Every structure is written in structure tokens, then in C-alpha cells.
Amino acid sequence: MSASRFPFLFAPSYRLPAAAFGVTPWTAYVDVDDEHLTARFGLWRFSTPRSNIAQVCVTHDYAWLKTAGPAHLSFSDQGVTFATNGDRGVCVQLHEPVPAIAPFGMLPHPGITLTVADCDGLAALLRG
């Protein structure tokens, strides 16, 4: 398989808060190839082998205050969210936590939510 790129879907209300943190359509995307899932979200990066993916589902209805702007940490489960809209995203649960937002990998995350334009396509590919 060649690499597939999934751009993020930017809702108008998310554009300005995201841009303030360097998150734009040019700096936010998800790449998937045979071996890895890699996400870029402005200054933040997330990468894991596809073999580390335990579960994938499409979720929806995110609160603007909890998701707009920079990458967000969930205090309830330590997951990370890369969000550019509050409508839909792909939630990826991992076998082994992976760092994404804390310096030097100090805080690994058991999962990530990605609000790409083609949630169904990304979820299907990762379930593949």
C-alpha cells in the first residue's frame, strides 16, 4: 500500500484558535502507510506502528472549549485530541501508550482522537 494522507476538517469556529497555535490546513494531517500511523498537528506530532492500534471507532459531538486551539489532553483517560471541529473524529485506542504533547515523551497517551475530513475512510483503513 502507498501512503494515504487525511487532511483535517476545519470548522470556521476552530480556524482562528487553531492558527494561534500554528495549526493550519498545511500543518495538520494524518498519514497512514503499511507500517505506521503518523499525525501532525501544528507543532505536535504523534506516531505509532499500526500493530500498536488496539481499537478504532468514530466518535462525535466534542465540546468547543475542550477541543478548540492546541492539542488537548483528556484528564479522565490521558488521551490526546487533535481537533479542528466538534462534529466527528476517529478515536484510536492503543495497546501501548505513545507520547505526543509533553516534551521528551514524559506523558504517553493510551489513545488519540483525530478530526479528519474523511473519518469513515481513516477508520476503515486503520481497521484494515
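Only the coordinates and a few stated rules stand behind these numbers; no lab work does. Everything numeric in this text was worked out from a predicted model, so none of it was measured. Cβ: placed from backbone, ideal geometry, glycine included. Neighbour counts: every protein chain shown.
A few points about this structure:
- Of Gly79, Ser51, Ala124, farthest towards positive along the dipole that unit charges on Lys, Arg, Asp, Glu beta carbons give the chain: Gly79
- Taking the DSSP bridge list for the chain and keeping only pairs wholly inside it, about 90 percent are antiparallel.
- Pair-distance profile P(r), taking every C-alpha pair of the stretch 4-127, with 5 angstrom steps and integer %: 2, 12, 24, 27, 22, 11, 2, 0
- Over the stretch 20-80, the alpha carbon radius of gyration divided by the compact-protein estimate 2.2 N^0.38 Å works out to 1.23.
- Centre separation in Å (Cα based) which lies between the stretch 1-19 and the stretch 37-105: 13
- Ranked list, fewest to most other Cβ atoms within 10 Å of each Cβ, for Cys57, Cys119: Cys57, Cys119
- Available extension along the chain between Asp118 and Met106 is 1.2 nm, counting 0.36 nm per residue and deducting the alpha carbon span.
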